[in-house]
Amino acid sequence: MIAVPETFRSGMLVPLGMYRRVSEDKALKGLASNWREIQEQVKEQEDAIRALAADLPFEGAIVRDYCDNNTPASDPHIVREDFENMLKDLEAGVIRGILFLHSDRLARLLYDAARVCRIFEMNPDYIGLSVEGSVDLSTVEGRGMFAMQATVGNMEIGNTRRRVVRTNRRVAEKGVMHGAPRAFGWGEDRRTLDDVESKMIRKAILAIPGGYKIADFKRALTEHGYVPKETKRSGDGVRVIQHTAAEQILMSPRVAGFRFHVPEQARRAAEGRLWLPDFIVLDKEGKPVRGDWEAPCSPNEWWAAVHEIKRRKEANKEGLKSGKHDTTAAYLCSGIVRCGKCSSPMWSNPYTKGTSAYEKYGFRYQCQSNQGGCGGVSRVGPPIDDLVETAFLLETRSTLGEDVAKADEIDVTVHDKRLGEIAAELEDVNARRREKRITMSAALDMIEELEAEREQLTSKRGQLALQKRKRAILTPDALADWKGLTMAEKRTRLKAAVRAVIVHPAGRGKRFDPELIEIVWQKNQAA
């Protein structure tokens, strides 16, 4: 029997709200059938709530509809917009009550249940009824029932979450693929490679140590017509690919065939995108767990790319701190050429538009006083680039290739044995801690020391893989596609072989003289 407040017996129309919510089934996420089922359940809730409103022993009208579809009520980090709007409207008196299917649709956290109960305790004439579960928020007993159901629901969620976390971890350690949408690079079965997309990934991974940029890969994705699941839109409404989204495709351990697992706690604590290489699952011997899918590149190729991207990020941070943030130069020798008078780097500077020099050359290299130089040397740019490019290719194909072709001599597995030992030592320390043979403080001291050594050796392994790959990019065969490389890739190869290009002073108005351009090779730097 529903208690009717005295204030509602005069025949006045009571404004009410209804609250509806259905959580999405993650196992069926993205499927049209799942979407239709959710819409059907929401409609069923509406029908049941309206039927309840029609049976009220007073004139009540549903004037507000609050619906948090696909929004869980069990996650304290997620704000349910319509739930918050409902509370505000109840406090402001816009509505004088709320109708809902069951208490777990309205609140599954004790904190949320307490917020609802507070409003009804302060407004004893408000109506709060559930279709199922016999909850009446206008009574002390009803609010107690509501809070109890929220508490029990929260306990069930906590137990389920613990089981899911343990299960996901065990699945990851076995290398079995976790349920997820199709990743870029793989077919619909998520195991076999997509012929076009996987080649795009492999090409980028192999090219990164040679100067290939994430921006270049993002451009390739756009040309391919790729649209990520999470995108921002440009001013004209066109979906655009974010830099971090393109980076995560390449930096995902999946690309090397490694299984990775990101705990929910790490996702919550992260500011921005996670660095996925940090979440590779290791077996008891400290080796990365391999997944049950095809990989577009080898682990060593991927590690080389990972270490290079990480190196660039660190360099960019240092550059931003010092005010010398480096961006991709538009010309081959910008910053590599140096003034023959003061030895300062020279930078590209366009000629004034409309002049004959602009029409003929476009730009020049200048020693600039505002960059710490003497400002006394300037030379037309294209002839220098052509001269240095020709000399570099000739020198590399004739002599440098012999020095750098020994890339296979670099052993990237030299630290693997010790990494396996560290994993065993960590397990031993944890076993002694669990058996209380050592204190927690002593265990943490040893664990932190071993973790620091593991991180250092992992970094060294990446450096070796990067060194091996960078040696390979200077072989004659690797330079066969020189014209097809981006400017960043060309500059990376050039800087690996050329230490500096010295531009000696020349008299004003004289023609370009190749004799005044001196190339200093890296292999001669010790001479």
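The values are calculated or read from the model by the stated rules, or taken from the named source; none is laboratory data. All figures in this text were calculated on a predicted structure; none of them were measured in a lab. Cβ sites come from the backbone with ideal geometry, for glycine too, and all protein chains shown count toward neighbours.
A few comments on the model shown:
- Number of the condition not met by residue 75 [criteria: (1) among the charged types (D, E, K, R); (2) farther than 18 Å from residue 157 by Cβ; (3) surrounded by fewer than 21 Cβ atoms within 10 Å (Cβ to Cβ)]: (2)
- Yes/no for residue 324 being at pLDDT below 85 and assigned to a loop (DSSP other than H, G, I, E, B): yes
- Of all residues making up region 116-161, the number that are under 44 Å from the mean Cα position of the chain (by Cα), charged (D, E, K, R) and under 21 Å from residue 52 (Cα atoms): 2
- Within region 353-382, the set of residues being within 18 Å of residue 491 (Cβ to Cβ) and part of a helix (DSSP H, G or I) comprises 381, 382.
This table checks each residue for (1) of a type in the set (A, V, I, L, M, F, W, C); (2) in a helix (DSSP H, G or I); (3) modelled with pLDDT under 80; (4) outside the structural domain of residue 387 (by TED's automatic domain parsing).
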{"position": "421", "(1), (2), (3), (4)": "no, yes, no, no"}
{"position": "438", "(1), (2), (3), (4)": "yes, no, no, no"}
{"position": "444", "(1), (2), (3), (4)": "yes, yes, no, no"}
{"position": "447", "(1), (2), (3), (4)": "yes, yes, no, no"}
{"position": "451", "(1), (2), (3), (4)": "no, yes, no, no"}
{"position": "456", "(1), (2), (3), (4)": "no, yes, no, no"}
{"position": "467", "(1), (2), (3), (4)": "no, yes, yes, no"}
{"position": "480", "(1), (2), (3), (4)": "yes, no, yes, no"}
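- Selection count, region 504-527, where residues are at pLDDT 85 or above and out of contact with any helix residue (DSSP H, G or I) (no Cβ under 7 Å at 6 or more places or on another chain): 6
- Candidates 414, 429, filtered to the one that is modelled with pLDDT of 85 or more and either outside the structural domain of residue 495 (by TED's automatic domain parsing) or among the β-branched types (Val, Ile, Thr) (or both): 429
- Scanning region 97-128 for residues that are within 22 Å of residue 61 (Cα to Cα), out of contact with any Ser or Thr (no Cβ under 9 Å at 6 or more places or on another chain) and in contact (Cβ under 8 Å) with a residue 40 or more places away in the chain yields one hit, 98.
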